[in-house]
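The values are calculated or read from the model by the stated rules, or taken from the named source; none is laboratory data. Model, not experiment: these values are computed from the prediction. FYI the Cβ positions are ideal-geometry reconstructions off the backbone, even for glycines, and counts take in every protein chain you see.
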Amino acid sequence: MAPLPPGPSIALVETFRYMTDPVGAYAWFRKNYGDTLTVKTLEGPLIITGEPEGAREVLTADPTSYEIFAPENLRMVFRDGSVPLIVGEPHRRQRKLLMPPFLGARMRAYAGTMQQVALKRMGAVRPGETIPMHEVSRGITREVILRNVFGLADDSLVARFEEAFVELQKATTPALLFFSWLRHEFGGVGPYARYLRANARLDALIAEQLTARRANLEAAPDDMLNLMMTSKYDDGTGMTNEQVSKELVGLLVAGYAATATAIAWGVYWTYRSPEILRKLREELAGLPADAGPEAYASLPYLGAVCNETLRIYPPVPDMFRKLRAPIQVRGYTLPAGAGVAVFSRMIHSREDLYPEPDTFRPERFLERKFTPYEFIPFGAGVRRCLGAAFAEQQLKVVLATIVRNFDLELADPAEVPVRQGVGVGPKNGVRVRLAQKLLS
Ligand code: HEM
């Protein structure tokens with residue numbers, strides 16, 4: 001076999017560290033083996049790259065050259081046949097249908113809901129109260145997706161969906177995710193049976209909703225769901241309700257947690273620095289009095305704060321593929337069967353691109369432009385995050401809404417990044433005390 005990039009001969013300690021202290025593990029990998037290395041895993045060799053050129057080579061490789069990495073675990077959270085679990089031509093076909101509602105040009109339509117939901121959820125906090133911002137932001141992003149993507153308008157319906165989804169999240173325990181032998185029903189009792197029941201409950205709610213919509217599609221609002229239900233493949237057919245349902249679950253799962261993490265980190269970095277808070281408020285105060293939340297999209301300093309938030313601890317820091325055919329990465333020929341991964345935090349912490357990488361400094365995004373492989377929080381290529389424009393807008397609108405309307409004090413001035421599912425989030429949940437509301 002052709003040589004692979006060097007790496008640790010036994011990676012037990014590092015695998016454990018990767019699971020608990022991922023940011024420390026990335027730094028260790030770089031210090032000891034450089035930016036592209038091989039780690040031995042139970043699944044075979046995994047080649048990791050933290051170089052922009054390596055990321056380009058992996059993420060723009062011929063889509064027929066790879067398949068999904070560890071699909072059996074992902075099947076616990078995504079539905080079989082939905083975009084995150086398919087590859088090649090079926091993936092291209094399905095993405096083409098799902099993409100239009102997520103294009104940047106349609107984002108204006110969603111800004112109002114994002115602001116209202118943020119105001120409502122933050123408005124429920126009493127002055128003097130200390131809250132975990134990450135919990136509040138999860139509530140915000142869940143509700144925004146349910147309203148904007150699922151097309152739910154009725155408050156009690158939103159609440160029913162939210163409850164069903166939260167129950168499913170609770171039932172999807174890390175043990176079930178990582179140990180396939182636990183996935184047995186044992187006569188309707190135990191964690192897997194609970195998980196199956198929670199899944200069925202959410203699916204039933206969605207099915208009910210889609211059937212009602214389909215029965216009166218012409219009169220339905222011109223929203224994301226409508227676009228999904230009426231778009232056509234090249235052969236003139238559209239998605240069945242079952243397919244729409246699978247994609248909705250995927251969008252909710254893929255979208256809510258990462259965006260909530262980004263918002264929590266954004267609040268943390270902003271309120272940690274009086275200077276950043278002052279600059280943001282100054283920029284927001286310069287908007288015309290009648291400017292709506294869609295105006296936030298073009299504010300340079302707000303944009304830089306959001307980019308820096310996504311740079312320093314990217315909420316989804318690792319992208320994996322399983323090779324079906326050999327590909328070239330940084331001069332190495334990686335064999336079929338190997339795993340390959342792009343670690344964006346390794347790229348985002350390169351001194352040559354981001355001097356003093358552990359310092360939060362939004363100005364770096366105003367001083368220079370980064371290529372799509374140097375700044376890569378949403379991935380790149382044909383699997384680039386489908387909800388990137390939606391997430392960016394939500395991060396901007398929610399952060400601006402909070403900054404404009406609420407004086408917060410950090411209860412834990414030093415947060416640290418830890419593994420949270422497939423992402424990396426703040427260990428203590430960014431606890432903040434509401435000093436005062438700035439609105440009437
Ligand atoms: C700050 C928030 C978000 C971050 C950091 C993020 C990050 C990512 C990344 C890095 C990928 C690429 C994975 C890969 O190449 O293996 C991805 C894929 C995806 N994201 Fe996001 N995401 C965010 C929000 C959202 C939202 C709001 C939605 C939908 C409403 C969404 C839907 C998806 C979907 C469906 C995929 C799979 C795309 C495919 O496989 O073709 N994401 N996301």
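Which one is farthest from Gly151 (Cα to Cα), of the residues in segment 171-201 that are part of a helix (DSSP H, G or I) and among the basic types (Lys, Arg)? Walk me through it before giving the result.
Let us first name the residues in segment 171-201 that are part of a helix (DSSP H, G or I), namely 171, 174-178, 180-182, 186-188, 191-201.
Narrowing further to those that are among the basic types (Lys, Arg): 194, 197, 201.
Details: Arg194: 27, Arg197: 24, Arg201: 19 Å.
Here the answer is Arg194.
Here is a check on your reading of the model: is Lys246 under 19 Å from Asn148 (Cα atoms), among the basic types (Lys, Arg), at pLDDT 90 or above and within 21 Å of the chain's Cα centre (by Cα)?
Numbers: under 19 Å from Asn148 (Cα atoms): yes; among the basic types (Lys, Arg): yes; at pLDDT 90 or above: yes; within 21 Å of the chain's Cα centre (by Cα): yes.
Answer is yes for this residue.
Quick check on Gly425: is it small (Gly, Ala, Ser) and within 16 Å of the ligand (Cβ to nearest atom)?
Details: small (Gly, Ala, Ser): yes; within 16 Å of the ligand (Cβ to nearest atom): yes.
Here the answer is yes, as Gly425 does meet what is asked.
Can you name the residue in segment 65-85 that is modelled with pLDDT under 95 and in a helix (DSSP H, G or I) and, of all such residues, is surrounded by the most Cβ atoms within 10 Å (Cβ to Cβ)?
Per the criteria, the residue is Leu74.
Restricting attention to segment 1-46, report how many residues are at pLDDT 90 or above, assigned to a loop (DSSP other than H, G, I, E, B) and within 20 Å of Leu323 (Cβ to Cβ).
Number of matching residues: 6.
Count, please, the residues in segment 332-346 that happen to be in a loop (DSSP other than H, G, I, E, B) and within 12 Å of the ligand (Cβ to nearest atom). Working first, answer last.
Taking segment 332-346 first, the residues in a loop (DSSP other than H, G, I, E, B) are 335-338.
Okay, now just the ones that are also within 12 Å of the ligand (Cβ to nearest atom), so none.
Final tally of qualifying residues: 0.
Would you confirm, using the coordinates I've provided, whether Ala204 is within 20 Å of Leu177 (Cβ to Cβ) and either assigned to a helix (DSSP H, G or I) or away from the ligand (no atom under 14 Å from the Cβ) (or both)?
So Ala204 does not fit the description; no.
Looking at the structure I just gave you, is Glu374 free of Cβ contacts under 8 Å to residues at least 12 places away in the same chain and farther than 26 Å from Ala111 by Cα? Even if it seems obvious, please write down each step before you answer.
Numbers: free of Cβ contacts under 8 Å to residues at least 12 places away in the same chain: no; farther than 26 Å from Ala111 by Cα: yes.
Answer is no for this residue.
Quick test for you: out of Leu59, Leu46, pick the one residue that is in contact with a Ser or Thr (Cβ under 9 Å, 6 or more places away or on another chain) and over 30 Å from Thr401 (Cβ atoms). Spell out the reasoning first.
Working: Leu59 fails: in contact with a Ser or Thr (Cβ under 9 Å, 6 or more places away or on another chain).
After ruling out the rest, the residue left standing is Leu46.
Select from segment 112-142 the residues that are assigned to a helix (DSSP H, G or I) and of a type in the set (Lys, Arg) and list them in ascending order. Working first, answer last.
Of the residues in segment 112-142, the ones assigned to a helix (DSSP H, G or I) are 112-123, 133-142.
Passing the criteria: Lys120, Arg121, Arg138, Arg142.
Hey, among Ala435, Ala388, Ala414, which residue is among the small types (Gly, Ala, Ser), farther than 27 Å from Pro355 by Cα and surrounded by fewer than 16 Cβ atoms within 10 Å (Cβ to Cβ)?
Numbers: Ala388 fails: farther than 27 Å from Pro355 by Cα; Ala414 fails: farther than 27 Å from Pro355 by Cα.
Exactly one residue qualifies, and that residue is Ala435.
Just checking, does segment 347-363 include any residue being free of Cβ contacts under 8 Å to residues at least 40 places away in the same chain, within 23 Å of the chain's Cα centre (by Cα), over 28 Å from Leu284 (Cβ atoms) and away from the ligand (no atom under 16 Å from the Cβ)?
no
So the check is Cβ under 7 Å with 6+ separation or different chains; which pairs have a first residue in segment 96-110 that's farther than 13 Å from Gln394 by Cβ and in a loop (DSSP other than H, G, I, E, B) and a second one that's within 11 Å of the ligand (Cβ to nearest atom) and modelled with pLDDT of 90 or more?
Filtered contacts from segment 96-110: Met99/Leu386; Leu103/Ala389.
For the subset of segment 321-331 comprising residues that are surrounded by 19 or more Cβ atoms within 10 Å (Cβ to Cβ) and of a type outside the set (Val, Ile, Thr), which member is farthest from the ligand (Cβ to nearest atom)?
By that ranking, first place goes to Leu323.
Looking only at segment 280-309, filter to residues that are assigned to a helix (DSSP H, G or I) and free of Cβ contacts under 8 Å to residues at least 40 places away in the same chain; which one of those is surrounded by the fewest Cβ atoms within 10 Å (Cβ to Cβ)? Walk me through it before giving the result.
Just the residues of segment 280-309 that are assigned to a helix (DSSP H, G or I), to begin with: 280-285, 293-298, 300-309.
Subsequent filtering for residues that are free of Cβ contacts under 8 Å to residues at least 40 places away in the same chain retains 282-283, 285, 295, 298.
Working: Glu282: 10, Glu283: 19, Ala285: 8, Ala295: 16, Ser298: 10.
The extreme case among them is Ala285.
How many residues does segment 17-50 contain that are under 30 Å from Asn428 (Cα atoms), of a type in the set (Gly, Ala, Ser) and out of contact with any helix residue (DSSP H, G or I) (no Cβ under 8 Å at 6 or more places or on another chain)?
1
Just wondering, is there one or more residues in segment 217-233 that are closer than 27 Å to Leu119 by Cβ, among the small types (Gly, Ala, Ser) and in a helix (DSSP H, G or I)?
No.
What pairs can you find where one residue is in segment 378-394 and more than 21 Å from Ala118 (Cβ to Cβ), the other is more than 6 Å from the ligand (Cβ to nearest atom) and not acidic (Asp, Glu), and their Cβ atoms are less than 6 Å apart, with a gap of 6+ or different chains?
Between residues of segment 378-394 that are more than 21 Å from Ala118 (Cβ to Cβ) and residues that are more than 6 Å from the ligand (Cβ to nearest atom) and not acidic (Asp, Glu), the close pairs are Phe378/Arg384; Phe378/Ala388; Ala380/Leu59; Ala380/Pro372; Gly381/Leu59; Gly381/Thr60; Val382/Pro63; Leu386/Phe102.
Okay, residues lined up against (1) more than 16 Å from the ligand (Cβ to nearest atom); (2) at pLDDT below 95:
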| position | (1), (2) |
| --- | --- |
| Pro174 | yes, yes |
| Phe179 | yes, yes |
| Ala200 | yes, no |
| Ala220 | yes, yes |
| Thr240 | yes, no |
| Ala254 | no, yes |
| Thr259 | no, no |
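Conditions (1) surrounded by 15 or more Cβ atoms within 10 Å (Cβ to Cβ); (2) on the phi > 0 side of the Ramachandran plot; (3) away from the ligand (no atom under 13 Å from the Cβ), marked per residue:
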residue	(1), (2), (3)
Val87	yes, no, no
Arg93	no, no, no
Leu97	yes, no, no
Arg108	no, no, yes
Gly123	no, no, yes
Glu129	no, no, yes
Met133	yes, no, yes
Ser137	yes, no, no
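Residues of segment 144-168 being more than 14 Å from the ligand (Cβ to nearest atom) and over 21 Å from Asn241 (Cα atoms), which ones?
Asp155, Ser156, Ala159, Glu163, Val166, Glu167
If Gln394 satisfies every condition in (1) at pLDDT 95 or above; (2) surrounded by 15 or more Cβ atoms within 10 Å (Cβ to Cβ); (3) away from the ligand (no atom under 13 Å from the Cβ) but one, which is the exception?
Here Gln394 clears every test but (3).
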